[in-house]
1. If you look at just the Cα atoms of the chain, how large are its Rg and its Dmax in Å?
2. Determine the share of the chain's accessible area contributed by carbon and sulfur atoms, expressed in whole percent, with a 1.4 angstrom probe.
3. Ala15: net charge of surrounding residues, Cβ under 15 Å, Lys/Arg +1, Asp/Glu -1, itself excluded?
4. Could you compute the net charge surrounding Gly68? Neighbours are other residues with a C-beta less than 12 Å from the C-beta of Gly68; K and R count +1, D and E count -1.
5. For helix 114-133, what angle does its Cα long axis make with the longest principal axis of the chain, in degrees from 0 to 90 and rounded to 10?
6. Would you please name the GluC sites (Glu not before Pro) within the range 1-68 that are DSSP coil residues with at most 12 other C-beta atoms within 10 Å of their C-beta?
7. By how many nm would the segment from Ile43 to Asp7 grow when fully extended, if each residue of separation counts as 0.36 nm and the alpha-carbon distance is taken off?
8. Per DSSP H run of n ≥ 4, the term is -39500 (n - 2.57); total these for the chain, divide by its residue number, and report the mean residue ellipticity at 222 nm rounded to 500 deg cm²/dmol.
Amino acid sequence: MVEWYHDDITFEDPAFGILRGEEAKNMWRMLCHSQKGKDFKVITSNIEYTPEAGKARWEAYYTFTKTGRKVHNIINATFKFKDGKIINHVDKFSLYRWSKQAMGFKGFLVGWTAFFKKKLNQQTRFLLSEFQKK
């Protein structure tokens, strides 16, 4: 993804919120680094492309490190292109579905709330910030 991202990329998803430029690229570097040697797998399908825009479905399979729980996240991505690279990338998925898988009963109870989303965004941004310091 890093190679396909335009330098002025804007990325958005429920877990990270909005990331721009090098921060968006580093998010992918961090995710791949954190899953190195683990059971991480991504399957893509329903890929559509024009020179201006595209979309795809991602299915990510992994073990959530914090809880050791298995996750199967289904993501619908949309892309806009500029100069042959992705300038805008939006991933949409059910944060509630993800939270139930990743967090178990706690996710079931609070995974649908704005409070949970805000806390998750803060945590993912903190992890990204720490990764970027390395």
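1. When restricted to the Cα atoms of the chain, Rg and Dmax are 14.9, 45 Å.
2. 58
3. Numbers: positive: Lys66, Lys92, Arg97, Lys100, Lys117, Lys118, Lys119, Arg125; negative: Glu12, Asp13, Glu23, Asp91.
Its environment carries a net charge of +4.
4. +3
5. Roughly 60 degrees between the two axes.
6. Counting only loop positions with at most 12 other Cβ atoms within 10 Å, the GluC sites (Glu not before Pro) in the range 1-68 are Glu3, Glu52.
7. Stretched out fully, the Ile43 to Asp7 stretch lengthens by 10.4 nm.
8. -11500 deg cm²/dmol
The values are calculated or read from the model by the stated rules, or taken from the named source; none is laboratory data. The structure displayed is predicted, hence computed values, not measured ones. Neighbour counts are summed over all protein chains in view; Cβ atoms, including those assigned to glycine, are modelled from backbone coordinates with ideal geometry. In case anyone asks, the SASA skips ligands and DNA or RNA and just uses the protein heavy atoms, side chains included. Shrake-Rupley method; radii C 1.70, N 1.55, O 1.52, S 1.80 Å.
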